[in-house]
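Trainee: Can you keep this structure in mind? I'll have questions shortly.
The values are calculated or read from the model by the stated rules, or taken from the named source; none is laboratory data. Note that this is a predicted model, so its numbers are computed, not measured. When we count neighbours, we look across all protein chains shown, and the Cβ atoms used for this are built from the backbone with ideal geometry, even at glycine. Please note that ligands, DNA and RNA were not included when accessible areas were found on the heavy atoms of the full protein model with its side chains. Shrake-Rupley method; radii C 1.70, N 1.55, O 1.52, S 1.80 Å.
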Amino acid sequence: MSTGMLLGYELPEAGLPDPTAFLLAVARKAEAAGVHHLVLGDRPAARPGGPGTPASLVAASLLAVSTSRIGLVMTAAPAYNEAYNLARMVASVDHISHGRAGWRVVTGPDAAADANHRREGVDPLTDREARAREFVPVVQNLWDTWEDGAFVHEKGTGRFIDSGRVHVLDHRGTLRVRGPLNVVRPPQGHPVVLADAADPLVSAHADVLAVGDPDSAPTAAQAGGRPRLGVVTPFVAATEERARELHELAGAPASDRGRAVLTGTPRQVAERLGAWFDRGAVEGFTVRFPAPAPEGGAASTDGVAEFTDTVLPLLTAAGRFPATYTSDTLRGHFGLTRPANRFAERIAAGPERN
């Protein structure tokens, strides 16, 4: 696991006058500061704050060719996606980004999104939990249907694929998925899967756990040694008074089990984050920036800049946040190893391959 504080930014999904320009600007600024990953939201329903950002898979593809080190975590729900299609799209982004893709899996109910995904004989509410329980392992298995080295490129014989290294999944459950995937194994083996630690449907299969408010985080042992990311929403300004004003403009959100709301000067916010990190409550944080306030459309953009320019240097000076990359992949940023291919492991444990 990484020895320094892990840090990611979760960006607002609505209320931005120019979402594409905002995403590009924030991604470049965050990468220059050494931020490990961006979490790209993707609710498949309209939000009251206005038009949303581009779909997270599309946005990640854009950012993949506009950055070189920062991780790109897309959001997708099992209720609104097919496992095969999502597996190939996330794998494709991992190839485009050279190993920087991640997937945040969400399973919570969403009536507005449900209403956009019904058709004759199909309702997202039907078998929702059973589908979610199967979904992540099916996607991970699909990523393994092509073993490393399946392309042999033997020009002399005309043999380009070792068919013994390409596998049919043939999953039969609530989901029916045959495989193999039409994309070769991702550079990371498995793109990083991030899930809420409190989500019993998917957390067991996640590589990284979002734990909400660090004060209510599971212990490292309970997390099975996986990285735990506290979720924080900061309101940072040069003075406490101005920070409180920003908090009020955003509707005065309160801390809950899903996130901690921090209000104060850069030093106050840095010290609060540092205290959680130093006592081992979490291995790092996802900083969830608020949507722009109606009275000031630039509030969210300014909030990212304020946090990056004032809080991060204090965390770096204290020896907590490294501000430099030690890996080129998202798994590397989290201190995760590249997983073995599940099909290859099963074959190695049984009769030898012909």
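Trainee: ALA150 - would you say it is among the aliphatic types (A, V, I, L, M) and at pLDDT below 95?
Mentor: When the stated conditions are applied, ALA150 passes them.
Trainee: Under 7 Å by Cβ, and 6 or more places apart or on different chains, what pairs join a residue from the stretch 308-335 that is touching a residue at least 24 places away in the same chain (Cβ under 8 Å) with one that is surrounded by fewer than 19 Cβ atoms within 10 Å (Cβ to Cβ) and not in a loop (DSSP other than H, G, I, E, B)?
Mentor: Taking only residues 6 or more apart or on different chains, the pairs are THR308/LYS29; LEU314/ARG267; LEU315/GLY274; ALA318/GLY274; ARG320/GLY274; ALA323/THR316.
Trainee: Name the residue that is modelled with the lowest pLDDT, counting only residues in the stretch 95-143 that are small (Gly, Ala, Ser) and touching a helix residue (DSSP H, G or I) at 6+ places or on another chain (Cβ under 9 Å).
Mentor: Going through the qualifying residues, I end up with ALA113.
Trainee: Please list, ordered by first then second residue, the pairs with beta carbon atoms under 9 Å, 6 or more apart or interchain, first in the stretch 156-176 and closer than 10 Å to GLU134 by Cβ, second of a type in the set (Val, Ile, Thr) and in a strand (DSSP E or B).
Mentor: Short answer, once both residue conditions are applied: HIS171/VAL177.
Trainee: May I pose another question? Go through the residues of the stretch 68-84 one by one and say whether even a single one is over 26 Å from ARG119 (Cα atoms), open to solvent by 10 Å² or more (accessible area, probe 1.4 Å) and modelled with pLDDT of 95 or more.
Mentor: So far as the stretch 68-84 goes, yes, one or more of its residues are over 26 Å from ARG119 (Cα atoms), open to solvent by 10 Å² or more (accessible area, probe 1.4 Å) and modelled with pLDDT of 95 or more.
Trainee: Also: Any idea which of (1) part of a helix (DSSP H, G or I); (2) out of contact with any strand residue (DSSP E or B) (no Cβ under 8 Å at 6 or more places or on another chain) is the one ASP148 doesn't satisfy?
Mentor: (1) is the only condition that ASP148 fails.
Trainee: Moving on. Does ALA115 qualify as being touching a residue at least 12 places away in the same chain (Cβ under 8 Å) and out of contact with any Gly (no Cβ under 8 Å at 6 or more places or on another chain)?
Mentor: In short, yes.
Trainee: Give the residue, chosen from ASP144, ASP123, ASP114, that is of a type in the set (D, E, K, R) and closer than 26 Å to LEU330 by Cβ.
Mentor: Every option except ASP144 fails the conditions.
Trainee: Related question: Hey, among the residues in the stretch 1-60 that are at pLDDT 90 or above and of a type in the set (Asp, Glu), which one's most open to solvent (accessible area, probe 1.4 Å)?
Mentor: The residue in question is ASP42.
Trainee: Filter the helices (runs of 4 or more DSSP H) completely within the stretch 49-122 down to those with at least 1 residues that are touching a strand residue (DSSP E or B) at 6+ places or on another chain (Cβ under 6 Å) and under 21 Å from LEU201 (Cα atoms).
Mentor: 83-96
Trainee: For the stretch 9-17, check the following and say yes or no: at least one residue is more than 15 Å from PRO227 (Cβ to Cβ) and part of a helix (DSSP H, G or I).
Mentor: no
Trainee: Follow-up question, since we're still on this one. Can you tell me which residues in the stretch 174-188 are farther than 16 Å from PHE151 by Cβ and not hydroxyl-bearing (Ser, Thr, Tyr)?
Mentor: Answer for the stretch 174-188, where residues must be farther than 16 Å from PHE151 by Cβ and not hydroxyl-bearing (Ser, Thr, Tyr): LEU175, ARG176, VAL177, ARG178, GLY179, GLN188.
Trainee: Within the bounds of the stretch 85-102, is there any residue that is crowded, with 19+ Cβ neighbours inside 10 Å, of a type in the set (Gly, Ala, Ser) and free of Cβ contacts under 8 Å to residues at least 40 places away in the same chain?
Mentor: Scanning the stretch 85-102, I find at least one residue that is crowded, with 19+ Cβ neighbours inside 10 Å, of a type in the set (Gly, Ala, Ser) and free of Cβ contacts under 8 Å to residues at least 40 places away in the same chain, so the answer is yes.
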